[in-house]
Amino acid sequence: MDQSDAVPIGELWEERRFLLDVAHWMLGDPDAAESVVDEAYRRWYGLSDAARRQVTGPRSWLAKTVGGICLDRLARSAPGAAGQGERHGTRPSQVEEEAGRVVLNALESLSTAERAAFVFRAFGMAPGTVADLVGRTEPELIELAARARQRLRLRRTRSTTPRQHDAVVHAVHGACAIADGELLTSLLCSDATAFFDGGGKVRALTGPVHGCRQVTDSLLTLLARSPRTTLTPHSVNGRTGLVARYGDRVVAVISLDVSHDRVAQVWVMLNPDKLRSWNHRPA
């Protein structure tokens, strides 16, 4: 995955908000609008990487797709219009290839089934796809994913003390706040990896980014400073992490796996569905 495909967090959320407004205006139903926008992003990720790079205006492409889906739904809901309207085909997602790369390069301490299950939970892959790949049932995959998360958490906890972890996270926060690429790179392991979970619902990176310089570039692009974007340290899964807000809305939650005095892995949650609990917490 080319980290040059990274998009500033403000742009991601302005884009999704715009698409929701278009769909809501056309259909008059907020739930239907959410469904339409999700479908538009599914079609975006249904394109090959090469096809996506050929789209010069992704926001315009998505808006046109949203409009087409809305028109299709309106046509099908009209009396006597059954079977009419535009039909959009999608190609199989490329995420299976990225998942294989993650399994091989990033989660070597886990069994094959645990690694596949973990990727399924982290990147929102269809359960049936992963079940077919590893020969397990969907309930077994859920159990494996939970066990994998626990093993990774214990491994991370053993690698550094809470004080060391906090110091590194606050240093990362400071480097991101002033967009100091050299400082941020110095805080990362040379083979650091970053994972971006957009759930297919925002135009985030679709696969892991490897290497300290590449991780630095992707993070600084995502967290590009703007008057409405803020980044603060916050407890995440029992340890200090980072929370990004756009206006008063939480738009990213970042967990950092620290090994001694360097960041080994970065987990960036961008999926709006998984961020709902953060946006309903008391201030």
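Quick note: the coordinates plus some simple rules give every number you see, no bench work behind them. Source: prediction; values computed, not measured. For neighbour counting, all protein chains shown are included, and Cβ atoms are generated from backbone atoms with ideal geometry for every residue, glycine included.
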Check: What is the gain in length, in nm to one decimal, between residue 224 and residue 25 on full extension, counting 0.36 nm per residue of separation less the C-alpha to C-alpha distance?
Finding: 68.6 nm
Next item on the list: Using label points projected 7 Å from each Cα along Cα→Cβ, tell me how many nm separate residue 166 and residue 32, to one decimal.
Entry: 5.2 nm
Margin query: Could you give the length gained by full extension between residue 77 and residue 249, i.e. 0.36 nm per residue of separation minus their alpha carbon distance, to one decimal place?
Written below: 58.5 nm
Next item on the list: Taking 7 Å along the Cα-to-C-beta vector as the label spot, tell me the residue 274-residue 262 distance in nanometres, rounded to one decimal.
Entry: 2.6 nm
Next item on the list: Take 37, 7 and order them by how many other Cβ atoms sit within 10 Å, fewest up front.
Entry: 7, 37
